[in-house]
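A.B. asks: Have a look at this one before I ask anything.
What follows is calculated from the coordinates using simple rules that are stated; it is not laboratory data. Remember, predicted model here, so these are calculated numbers, not experimental data. Reconstructed Cβ throughout: ideal geometry from the backbone, glycine too, with neighbour counts over all protein chains shown.
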Amino acid sequence: MPCWLCGRPMGKTIVWHHPVPKSRGGRDVVPMHPICQQTLTVNFSNSELQRHGMNVAGLLDHPNVRKFVDWVAKKDPDFTATITKKQR
Ligand SMILES: [Zn+2]
């Protein structure tokens, strides 16, 4: 099962991410790389995540997320790094 955000195969660590935050009543989970979940957390507030819900295309429209996915595409599935808002 590929990662919900970047579409790469999963590595050793699978994060079960709630597209709609648990605190907002989200029940569905999707597999994600830790680094991909971190990217969402850094770039979106809980209300934005709730608004997009399962619509990953809407999240990929965000320029920072688009850049991240293009950048991470060639990395190993187990690759991790610290994602901050300042990343360009
Ligand atoms: Zn991923």
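A.B. asks: What number of lysine-lysine pairs in the chain show an alpha-carbon separation below 24 angstrom, given a sequence spacing of 8 or more or placement on distinct chains?
C.D. replies: 12
A.B. asks: So how far apart, in nm, are the two label points at Ile14 and Val30 if each is 7 Å from Cα heading toward Cβ?
C.D. replies: Once both label points are built, they end up 1.5 nm from each other.
A.B. asks: Ordered by residue, what ³J(HN,Hα) values in Hz, to whole numbers, does region 28-34 give under the Karplus form 6.51 cos²θ - 1.76 cosθ + 1.60, where θ = phi - 60° and Gly and Pro are x?
C.D. replies: 6, 10, 10, x, 9, 6, x
A.B. asks: With +1 on each Lys and Arg Cβ and -1 on each Asp and Glu Cβ, how big is the dipole of the chain about its Cα centre, in debye rounded to the nearest 20?
C.D. replies: Using only the charged Cβ atoms, the result is roughly 200 debye.
A.B. asks: How far is it, in nm, from the label point at Asn46 to the one at Met1 when both lie 7 Å from their Cα along the line to the Cβ?
C.D. replies: Those two pseudo-labels are separated by 2.4 nm.
A.B. asks: Right, next: If packing is taken as the average count of other Cβ atoms within 10 Å, what order do 2-15, 28-41, 67-80 fall into, highest mean first?
C.D. replies: The densest-packed peptide leads the list: 28-41, 2-15, 67-80.
A.B. asks: Quick one: grab Rg to one decimal and Dmax as a whole number for the chain, Cα atoms only, in Å.
C.D. replies: Looking at the chain, its Cα Rg and Dmax stand at 12.1, 34 Å.
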